[in-house]
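**Student:** Mind looking over this structure? Questions follow.
Rule-based calculations on the coordinates, nothing more; no lab input. What you are looking at is a predicted structure, and each value in this text was computed from that prediction instead of being measured. All Cβ positions, glycine included, derive from the backbone under ideal geometry; neighbour counts span all protein chains shown.
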């Protein structure tokens, strides 16, 4: 059975059972975001445990965008395996890719709005350049489940992206996770 655990803020640990893969999204543990904002909830799992998962071959780190409350530079640089596979959306600007590579990570996988197969699961970027040029949702699926990690994308979705998600979901059960307002209200609302 697939499982999704809220770690903190916008971070989820997704376990896709049929592919035996783990995906950690937007991990933020201790670095101040925007100069002074700290995570308001402690991570559900010990952060060092999550970092140790990065040494497993079936573990992936997904980063939706380069806002400081979605990527903890200090913690990732210090504790995460530099060979871990990192999934990001393909943006017009290379800033997120460059940021991840500057942290020392080597295996960056960029995905777009075409379904991309990664080992035993598939992923697609849910991106709307009319809303933001550097923020997106990511959706993951295995044979039975589909999980949409919408993070900051609480805006009304375009018909194109709604249809993309419906097609991607197919007959699978789906969890749609997204903020309902500004980041300061997540996950309270």
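**Student:** What residue among 34, 145, 121 shows peak mean-square fluctuation when the chain is described by a Gaussian network model with Cα springs under 10 Å?
**Tutor:** Evaluated over the chain, the most mobile residue of the options is 34.
**Student:** Just one of (i) 11.3; (ii) 12.1; (iii) 9.8 is mean projected area of the Cα convex hull in nm² as worked out from the coordinates here. Which one is it?
**Tutor:** (iii)
**Student:** Starting from the 7 Å offset along Cα-to-Cβ, what nm value, one decimal, do you get for the label separation of residue 159 and residue 143?
**Tutor:** Modelled inter-label distance: 3.6 nm.
**Student:** Could you line up 130, 166 from fewest to most neighbouring Cβ atoms inside 10 Å?
**Tutor:** 130, 166
**Student:** Provide the gained length on full extension for the span residue 119 to residue 5, in nm with one decimal, where the gain is 0.36 nm per separating residue minus the Cα-Cα distance.
**Tutor:** Difference between extended and current length: 38.9 nm.
**Student:** Only helical DSSP H runs with n ≥ 4 go in: add -39500 (n - 2.57) per run for the chain, normalise by residue count and round the 222 nm mean residue ellipticity to 500 deg cm²/dmol.
**Tutor:** -4500 deg cm²/dmol
**Student:** If you average the C-alpha positions of the range 108-161 and of the range 1-75 separately, how far apart do those two centres end up, in angstrom?
**Tutor:** That distance is 17 Å.
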